[in-house]
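The values are calculated or read from the model by the stated rules, or taken from the named source; none is laboratory data. A quick note: this is a predicted structure, and the numbers were derived from the prediction, not measured. Positions of Cβ are backbone-derived with ideal geometry, glycine not excepted, and every protein chain shown enters the neighbour counts.
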Amino acid sequence: MLQNLQILTKKKLHGDKMNLTFNQLMILYCLHKLQGERTIYSIYHLIQGKKSSQTIQDAHLFHLTPFFQTDTNMSRLSLEKTVTILSKEQLIVEKTDLHYAVTSKGEQELSKMLAETPIPIHLNGWKYQRTAALFWERLSLAVQVISHLKKRESKYIPVQRKAEPLLWMRQFLKQNRLSRDALGLQLYQELVSLLESDSSIEPDYIVIRLSGYQSFGLTESQAAKHFRMDLSYYHYLFLSMLHYITGYIEKNPSQFPILHAFLDKQQKHNLTNSTEKTYALLKQGNSVTDIMTIRGLKKSTIEDHLVELALNIEEFSINPYVSIEKQELIKKAAKERQTKQLKQIRSLVSNADYFEIRLVLAKYGEEL
């Protein structure tokens, strides 16, 4: 099966040299989007996927949701080193403590490098990263296991060693009634159909990482060397592929019954577990005060949950928490000042508190 998949792939080598790594370019891009309104550590929290109300809101307000939780290996030290490099190259300049703006030189370099190594078009960490990470664990293990089952070979080292995917694989095989040959054929056909569904994707970025019977997938660094590209750029191209795949399967479940089984069915909304519980209580008609009592949480915590709901649930109304008149005043102030800083907006709408401003920005920030 794996050998047949590899016939599908297109071998495109990316040998163009970059002055900056893609990670450094990405940080420059984020700083450009932030416009000096947040510290450099907001980027660290974004890339790490910190589930705080501030980070989640910033991701949406500054249009940085594609990068959310896309590199959990990033350290604060590596971020600081990149900022130092960008500053020495005069691509950024410090406005106030840890707040940086991109210079005109930086904007030119950013535009030039994005033309050479564009941000992968299907990258969407906020929407798909959690689902995609779990999907990859299951897919890579399934391809390996089913390939060996077809050959009646039981002695091999699983590519995934964590308990969850191994337990899931046992349950999947137990519940699936297809023969091992029929299961292998259907999985192969679904993968072929999926990888051929869009001409903008490169199947080899995925296939080269898969292991099968007497065939070993490459590591991320080995794959980057194979394609002669910057490691961080390959990392994001790979994630972009996974995000596309999981999104496409979610939209076409009947077309991919085997692959759809690899997705996490428990996640209805991209909410934190605590916000899910608050949302359930709200739908039961409980007030904020009621929920504070029921859950034993502070008002500020419930307010954080409401902001998260406004960001993620399109039909969630903020009218019970902010009057329509005040919403319009806040939106007008944000447009006039061309800012997302709460303090500046409140200087124009003194009768609005910070929670109300956050809620309006969460609901309408992207269109503003």
Which numbered condition T131 misses (of (1) assigned by TED's automatic domain parsing to the domain that holds K33; (2) assigned to a helix (DSSP H, G or I); (3) in contact (Cβ under 8 Å) with a residue 60 or more places away in the chain; (4) surrounded by 15 or more Cβ atoms within 10 Å (Cβ to Cβ)): (1)
State all residues of the range 265-287 that are of a type in the set (A, V, I, L, M) and surrounded by 17 or more Cβ atoms within 10 Å (Cβ to Cβ); if no residue qualifies, say none. L271, L281, L282
Check the range 57-65 and report whether any residue there is surrounded by fewer than 20 Cβ atoms within 10 Å (Cβ to Cβ), in contact (Cβ under 8 Å) with a residue 60 or more places away in the chain and in contact with a His (Cβ under 6 Å, 6 or more places away or on another chain). no
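Residue under question is S147, and the condition is that it be touching a strand residue (DSSP E or B) at 6+ places or on another chain (Cβ under 6 Å), closer than 26 Å to Q222 by Cα, in a helix (DSSP H, G or I) and in the same structural domain as F238 (by TED's automatic domain parsing); does it hold? Steps first, answer last, please.
Values: touching a strand residue (DSSP E or B) at 6+ places or on another chain (Cβ under 6 Å): yes; closer than 26 Å to Q222 by Cα: yes; in a helix (DSSP H, G or I): yes; in the same structural domain as F238 (by TED's automatic domain parsing): yes.
Yes.
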When you look at S317, is it loosely packed, with under 12 Cβ neighbours inside 10 Å, within 21 Å of T272 (Cα to Cα) and among the hydroxyl-bearing types (S, T, Y), yes or no? yes
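Being surrounded by 13 or more Cβ atoms within 10 Å (Cβ to Cβ), in contact with a helix residue (DSSP H, G or I) (Cβ under 9 Å, 6 or more places away or on another chain) and among the hydroxyl-bearing types (S, T, Y): is that true of S140 here?
Numbers: surrounded by 13 or more Cβ atoms within 10 Å (Cβ to Cβ): yes; in contact with a helix residue (DSSP H, G or I) (Cβ under 9 Å, 6 or more places away or on another chain): yes; among the hydroxyl-bearing types (S, T, Y): yes.
Judged against the criteria, S140 is a match.
Considering K95, K88, K105, which residue is outside the structural domain of I249 (by TED's automatic domain parsing) and modelled with pLDDT under 95? Lay out the reasoning, then the answer.
Details: K88 fails: modelled with pLDDT under 95; K105 fails: modelled with pLDDT under 95.
The unique qualifying residue is K95.
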Does at least one position in the range 238-248 carry a residue that is touching a residue at least 60 places away in the same chain (Cβ under 8 Å), surrounded by fewer than 20 Cβ atoms within 10 Å (Cβ to Cβ) and assigned by TED's automatic domain parsing to the domain that holds P158? yes
Any chance A115 is free of Cβ contacts under 8 Å to residues at least 24 places away in the same chain and in a helix (DSSP H, G or I): yes
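Working only within the range 332-342, note down all residues that are under 22 Å from L64 (Cα atoms) and touching a helix residue (DSSP H, G or I) at 6+ places or on another chain (Cβ under 6 Å). Talk me through it step by step, then tell me what you get.
Pass one, the range 332-342, residues under 22 Å from L64 (Cα atoms): 334-335, 337-342.
Correct list: A334, R337, K340, L342.
If we scan the range 264-284, do we find a residue that is in contact (Cβ under 8 Å) with a residue 60 or more places away in the chain and either touching an Asp or Glu at 6+ places or on another chain (Cβ under 6 Å) or farther than 25 Å from L173 by Cα (or both)?
So in the range 264-284, the residues in contact (Cβ under 8 Å) with a residue 60 or more places away in the chain come out as 264, 267, 270, 272.
Filter again for either touching an Asp or Glu at 6+ places or on another chain (Cβ under 6 Å) or farther than 25 Å from L173 by Cα (or both), leaving 270, 272.
Checked against the condition, which is being in contact (Cβ under 8 Å) with a residue 60 or more places away in the chain and either touching an Asp or Glu at 6+ places or on another chain (Cβ under 6 Å) or farther than 25 Å from L173 by Cα (or both), the range 264-284 yields at least one hit.
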Of all the helices (runs of 4 or more DSSP H) wholly in the range 251-368, which have at least 2 residues that are at positive phi and assigned by TED's automatic domain parsing to the domain that holds L183? none
